1. Could you check how many residues of the range 389-435 are out of contact with any helix residue (DSSP H, G or I) (no Cβ under 6 Å at 6 or more places or on another chain) and modelled with pLDDT of 90 or more?
2. Restricting attention to the range 263-281, and to residues there that are free of Cβ contacts under 8 Å to residues at least 40 places away in the same chain and touching a helix residue (DSSP H, G or I) at 6+ places or on another chain (Cβ under 8 Å), which single residue is most open to solvent (accessible area, probe 1.4 Å)?
3. Please count how many residues of the range 660-669 are in a helix (DSSP H, G or I) and either open to solvent by 30 Å² or more (accessible area, probe 1.4 Å) or β-branched (V, I, T) (or both).
4. Scanning the range 600-639 for residues that are aliphatic (A, V, I, L, M) and open to solvent by 30 Å² or more (accessible area, probe 1.4 Å), which turns out farthest from N545 (Cα to Cα)?
5. Could you please tell me which pairs satisfy a Cβ distance under 8 Å, a separation of 6+ or placement on different chains, a first residue in the range 672-691 that is in a loop (DSSP other than H, G, I, E, B) and open to solvent by 90 Å² or more (accessible area, probe 1.4 Å), and a second residue that is at pLDDT 80 or above and not polar (S, T, N, Q)?
6. Here are some residues: V66, V130. Which one is β-branched (V, I, T), more than 60 Å from the chain's Cα centre (by Cα) and at pLDDT below 90?
7. Kindly indicate whether any position in the range 304-313 is under 24 Å from I359 (Cβ atoms), touching a helix residue (DSSP H, G or I) at 6+ places or on another chain (Cβ under 6 Å), surrounded by fewer than 20 Cβ atoms within 10 Å (Cβ to Cβ) and of a type in the set (A, V, I, L, M, F, W, C).
8. In the range 649-659, which residue that is surrounded by fewer than 17 Cβ atoms within 10 Å (Cβ to Cβ) and touching a residue at least 24 places away in the same chain (Cβ under 8 Å) is farthest from the chain's Cα centre (by Cα)?
Amino acid sequence: VAHCKGFFFCGQEPFVADEYIERLAWRTPGGGSRGGEAFDPKRLLEEFVNHIQELQVMDERIQRKVEKLEQQCQKEAKEFAKKVQELQKSNQVAFQHFQELDEHISYVATKVCHLGDQLEGVNTPRQRAVEAQKLMKYFNEFLDGELKSDVFTNSEKIKEAADIIQKLHLIAQELPFDSLMGFCCYPLSSPGKYHDLECQLIQEFTSAQRRGEISRMREVAAVLLHFKGYSHCVDVYIKQCQEGAFLRNDVFEDAAILCQRVNKQVGEIFSNPETVLAKLIQNIFEVKLQSYVKDQLEEHRKSDAEQYLKNLYDLYTRTTNLSSKLMEFNLGTDKQTFLSKLIKAIFISYLENYIEVEIGYLKSRSAMILQRYYDSKNHQKRSIGTGGIQDLKERLRQRTNLPLGPSIDTHGETFLSQEVVVNLLQETKQAFERCHRLSDPSDLPKNAFRIFSMLVDFLCTEHIDYALETGLAGIPSSDSKNANLYFLDVVHQANTIFHLFDKQFNDHLMPLISSSPKLSECLQKKKDIIEQMEVKLDMGIDTLNCMIGQMKHILAAEQKKTDFKPEDENNVLIQYTNACVKVCGYVRKQVEKIRNSMDGKNVDTVLMELGVRFHRLIYEHLQQYSYSCMGGMLAICDVAEYRKCAKDFKIALVLQLFDTLHALCNLLVVAPDNLKQVCSGEQLANLDKNILHSFVQLRVDYRSARLARHFS
């Protein structure tokens with residue numbers, strides 16, 4: 001079994017000794033049940049011995065076969081090595097023959113080249129002599145005046161005739177006229193026959209173009225290339241290309257389609273297609289487009305500035321778009337400059353004074369929009385202050401003359417219109433777009449600044465600023481009853497409008513001036529406008545005086561002395577007074593109105609000012625009354641309600657002031673023995689003693705010896 005380990009049998013799995021023994025024992029009778037009655041170890045041993053002998057015989061047979069194969073392999077290896085050596089020798093011999101053949105071929109090739117040069121040296125003069133002989137023959141025919149050769153009489157050989165006449169014409173031009181030969185050759189050098197043939201070729205080219213025979217056109221164009229009339233051939237081609245090409249209303253689209261069609265065709269006809277296509281485009285621009293533009297613009301140039309500007313912008317845009325499409329074609333080296341010059345030649349007379357027309361139209365249009373609005377309101381504009389920012393600040397500082405000028409009744413009209421603003425911004429937006437397209441790059445920032453200045457004059461000064469001034473003049477006095485505070489509506493609308501103005505500044509003006517010195521001028525102008533409006537809005541703070549005046553009027557009308565000193569202390573059914581309810585309702589409305597009218601830090605600034613004045617009003621109002629015990633409780637309830645109202649301000653200082661006022665009102669009801677303890681509390685400890693004393697004095701029992709003794 002040991003000799004059989006690792007053997008492989010054909011078509012079977014690798015030999016495994018243990019499995020082989022197991023199978024042998026299983027097949028042997030008496031060897032399949034170890035330890036059973038049928039188990040026969042002797043028979044199994046005998047079977048093993050027999051199989052070992054068989055395996056040994058098999059091993060010897062295989063070994064002999066292996067040795068035989070090894071001997072055969074060695075023999076064949078020797079024979080193969082011998083054959084390889086013989087092939088190497090044959091290869092060396094073949095390589096030597098190849099080198100000899102290569103040297104011989106090189107030698108023969110050298111001889112052939114030399115012979116070819118000699119033949120060419122002989123043949124070239126011969127060919128020239130033959131051509132000269134033919135030219136002399138044709139020359140004699142011209143001298144005799146009778147053209148008998150087939151090349152001149154056969155119309156199909158016009159190409160050969162043209163070549164001959166071209167050569168004879170050149171020869172004749174080189175001969176001096178005062179010589180005999182030159183005099184004889186004068187008929188050839190004169191324009192007659194030469195030009196006749198040119199005209200004949202051009203006529204043939206024209207006919208071929210009408211028939212659509214591209215190959216014939218190419219052939220004739222190649223012949224005419226050496227004639228002076230070649231440019232006339234190109235002109236004829238360009239003229240016929242445009243026949244029937246401009247039948248629609250859109251000349252720009254027709255031009256693009258024509259150039260695209262010619263671009264595909266011209267390379268098959270002419271040897272210089274880029275020059276021919278460029279000449280076609282030049283002809284289209286200088287004839288068709290220039291005529292069309294002139295007709296469209298001159299009609300409205302003096303009569304209708306709006307339509308003139310719209311047409312100019314549209315035509316220039318469509319022309320530049322056409323130029324962009326033509327950039328795809330091969331027009332030579334510097335096609336960008338070529339097309340730019342063509343566009344400039346068409347529009348230069350219109351673009352030179354464009355900005356003056358734009359500003360004039362924008363000014364008249366903006367003035368008309370504003371006047372139409374004020375006419376719809378039956379309002380005659382009044383003159384407003386023209387002082388600068390410093391003048392406004394001085395008026396604000398003095399405040400003694402506010403409202404400025406005589407107070408006027410606006411009847412609730414803010415004199416601000418979203419429609420007017422949208423119209424002005426739309427006109428300016430279109431002006432910026434035209435300016436971007438039509439202005440020279442060097443003049444663009446300057447022109448954009450002029451348009452922006454017009455917007456500032458009419459939107460900010462003539463509309464928003466006028467409305468603010470009118471609103472300031474309409475602010476009622478602080479003692480007016482039932483005053484309508486329309487100035488906050490003006491502020492609200494002005495704030496909304498200015499956001500639209502700022503958006504247009506960023507979206508349409510900034511891209512035009514962002515990289516120029518005009519940027520700083522525009523930003524400064526915008527800053528001055530904002531500051532001027534903020535100063536006027538700050539001047540409108542007098543509206544708060546009117547609010548406080550309204551609150552005073554409510555308190556005076558609704559608050560009764562018996563509210564805080566009721567006749568029947570045990571029969572008080574209300575939680576807070578009617579005056580408190582109405583004042584709080586009024587204040588909440590005004591707070592909401594202020595929030596809707598302003599934004600940013602302005603809201604907090606105005607609400608803080610109103611809150612402080614509101615606190616001062618309530619503080620002074622409470623000190624006008626005497627308080628019984630139950631009246632003091634009612635005053636505390638009122639102040640608690642005022643404090644809830646103060647929370648709507650969302651200003652920490654205002655809420656703190658009302659918290660302190662609420663603590664002061666506790667002095668109106670606290671027991672005399674606890675006064676000192678309350679006064680030394682957290683909210684009242686830092687207050688002046690006179691303030692505490694003034695509140696204690698409001699108690700009806702203040703004059704009692706006990707209370708005075710406890711507070712002293």
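The values are calculated or read from the model by the stated rules, or taken from the named source; none is laboratory data. None of the values given here were measured: they were computed from a predicted structure. We place every Cβ from the backbone using ideal geometry, glycine too, and count neighbours over all the protein chains shown. Protein only, heavy atoms only, side chains kept; ligands, DNA and RNA dropped before computing areas. Shrake-Rupley method; radii C 1.70, N 1.55, O 1.52, S 1.80 Å.
1. Count: 5.
2. Among them, the one singled out is G267.
3. Total meeting the criteria: 3.
4. Start the filter on the range 600-639 by keeping residues that are aliphatic (A, V, I, L, M), which leaves 603, 606-608, 610, 612, 617-618, 622, 630, 633-636, 639.
If we keep only those that are open to solvent by 30 Å² or more (accessible area, probe 1.4 Å) too, we end up with 608, 612, 630, 633.
On the way: M608: 14, V612: 12, M630: 33, M633: 30 Å.
Only one residue fits best here, namely M630.
5. Filtered contacts from the range 672-691: Q683/D659; Q683/A663.
6. V130
7. Checking the range 304-313: at least one residue is under 24 Å from I359 (Cβ atoms), touching a helix residue (DSSP H, G or I) at 6+ places or on another chain (Cβ under 6 Å), surrounded by fewer than 20 Cβ atoms within 10 Å (Cβ to Cβ) and of a type in the set (A, V, I, L, M, F, W, C).
8. This residue is D659.
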